[in-house]
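Inspection log for the structure reproduced underneath, given as structure tokens.
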Amino acid sequence: MSQAFAHEEVVVRRGSRSGLSLIVALHSRALGPAVGGCRLRRYDTWQDGLADALRLSEAMTYKAAVAGLDFGGGKSVIALGKDTEVTADLREAALEDLGDVIASLEGSYRAGPDIGTGPDDMVVLKRFSPYAYCAPEEHGGTGNSGGPTATGVLAALRAGARHVFGDASCAGRTVVISGFGSVGGGIADGLAAEGAHVVVSDVDQSRKDAALASGYGWVEPDQALSAPADIFVPAAVGGILSEEAVPRLTAPLVVGPANNQLTEESVADALAGRGVVWVPDYVASAGGIVYALSRESENYSHEAAHKRVEGIGDTVSHVLDMARSTGVTPQRVVQQIAEARLASAARQVRGA
């Protein structure tokens, strides 16, 4: 993905109620309205929040395009100061401020939960615009997207295992999962049910007891990359794979839902150079958005949407087969797939 500024529209506003910096970045609407989560977190400066929104919205463009969705990429950020205390009143005021911005975009940006927000927060946004996904079911949404995201990662993981080991089954394999939140926990449960030996890690030490009680192994966060494993699953924050980190990896397969796993694009080449198969994060993590959009925007049944999420495995198989046959990285293959869809959409617009 290009590092140059190539966004269609970026809105930066100071919230009239909250006084906080609000950013909505629309990277591309070539395939349809931009979709992307609402992130509420602390930043040293609002410019750091802007950089986050720009990077994540671009990744969303590629995620939607590769998944075959008729949507573009966007992201919204509520930038808290590094010492800001998030009270209930401040949260609601900030969400109402963001609701104003989303309403002003008239459906060209559609939000969902992200780091720092959840289904209940989407209820606030829906007061201002119908274009907020994953609200609780009693409010007309599909609720927490963690389950479908985990389902998609498991489908991607099985496809990766078939490619690397010749067998999609993870029975008997050691899988290290870095991040034991709702998505990481769902992945762990699915793998354990298949007979995998699951080892988890999390910066939140309070999750250690829950992991051990579930029968999982535990490794400290600074040792997760180098722990002996067949498969490594990044399921926490991004930026975990760097040029310096690659030599520490023991697993020949890396598949996970964490966004922006690579610190820079050259890391994809470094992974391939060491014989590590890395499934690009925006392919593996697409289950949540595929499910929510299928249900809430395209009126799919639960069963049909679930089947569409499991189709992520077919996408991963195609990507890895293409990478092997052409001698390029999986990262480059998915870029080519996305760029071809975007270019086709642009040609249709010009020809209209």
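The values are calculated or read from the model by the stated rules, or taken from the named source; none is laboratory data. Since the model is a prediction, treat every value here as computed from it, not as a measurement. Reconstructed Cβ throughout: ideal geometry from the backbone, glycine too, with neighbour counts over all protein chains shown.
Miscellaneous remarks
- Test: residue in the stretch 72-82 that is at pLDDT below 95, farther than 13 Å from Tyr282 by Cβ and either β-branched (Val, Ile, Thr) or touching a Lys or Arg at 6+ places or on another chain (Cβ under 6 Å) (or both): yes
- The set of residues in the stretch 213-241 that are under 22 Å from Val164 (Cβ atoms) and touching a helix residue (DSSP H, G or I) at 6+ places or on another chain (Cβ under 7 Å) comprises Leu225, Ser226, Ile231, Val233, Ala235, Leu241.
- Test: residue in the stretch 7-21 that is without any contact (Cβ under 8 Å) to a residue 40 or more places away in the chain and of a type in the set (A, V, I, L, M): yes
- For the stretch 63-118, the tally of residues that are among the basic types (Lys, Arg) and out of contact with any helix residue (DSSP H, G or I) (no Cβ under 9 Å at 6 or more places or on another chain) stands at 1.
- Just one of the numbered conditions (1) closer than 26 Å to Ser317 by Cα; (2) not in a loop (DSSP other than H, G, I, E, B) is not true of Gly195: (2).
- Within the stretch 120-133, being part of a helix (DSSP H, G or I) and in contact with a helix residue (DSSP H, G or I) (Cβ under 8 Å, 6 or more places away or on another chain) holds for Asp121, Met122, Val123, Val124, Leu125.
- Checking Gly107, Gly143, Gly118 one by one, the residue that is of a type outside the set (Ser, Thr, Tyr) and in contact (Cβ under 8 Å) with a residue 40 or more places away in the chain is Gly107 and no other.
- Between Ala159, Ala111, the distinction of being at pLDDT 95 or above, over 16 Å from the mean Cα position of the chain (by Cα) and either hydrophobic (A, V, I, L, M, F, W, C) or assigned to a loop (DSSP other than H, G, I, E, B) (or both) belongs to Ala159 only.
- In the stretch 169-183, the residues that are without any contact (Cβ under 8 Å) to a residue 60 or more places away in the chain, part of a loop (DSSP other than H, G, I, E, B) and either surrounded by fewer than 24 Cβ atoms within 10 Å (Cβ to Cβ) or under 15 Å from the mean Cα position of the chain (by Cα) (or both): Ser169, Ala171, Gly172, Arg173, Gly181
- One residue stands out in the stretch 280-335 among those that are of a type in the set (Lys, Arg) and surrounded by fewer than 17 Cβ atoms within 10 Å (Cβ to Cβ): the one that is nearest to Phe232 (Cα to Cα), namely Arg324.
- Residue list for the stretch 71-126, filter: at positive phi and surrounded by fewer than 17 Cβ atoms within 10 Å (Cβ to Cβ): Glu106, Gly107
- Failed criterion for Asp204 (all others in (1) in a helix (DSSP H, G or I); (2) modelled with pLDDT under 95 hold): (1)
- Options Arg29, Arg39: the member that is crowded, with 18+ Cβ neighbours inside 10 Å, basic (Lys, Arg), under 21 Å from Thr263 (Cβ atoms) and in the same structural domain as Tyr131 (by TED's automatic domain parsing): Arg39
- Close pairs from the stretch 195-213: first of a type in the set (Ser, Thr, Tyr), partner modelled with pLDDT under 95 and surrounded by fewer than 22 Cβ atoms within 10 Å (Cβ to Cβ), Cβ under 6 Å, at least 6 apart: Ser201/Pro221
Residue-wise test of (1) closer than 23 Å to Tyr291 by Cα; (2) in a strand (DSSP E or B); (3) more than 19 Å from the chain's Cα centre (by Cα).
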site	(1), (2), (3)
Ala30	yes, no, yes
Leu40	yes, yes, no
Asp44	no, no, yes
Gln47	no, no, yes
Thr61	yes, no, no
Ala65	yes, no, no
Gly68	yes, no, no
Gly74	yes, yes, no
Lys82	no, no, yes
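- Single unsatisfied condition, Val277 versus (1) out of contact with any strand residue (DSSP E or B) (no Cβ under 7 Å at 6 or more places or on another chain); (2) surrounded by 13 or more Cβ atoms within 10 Å (Cβ to Cβ): (1)
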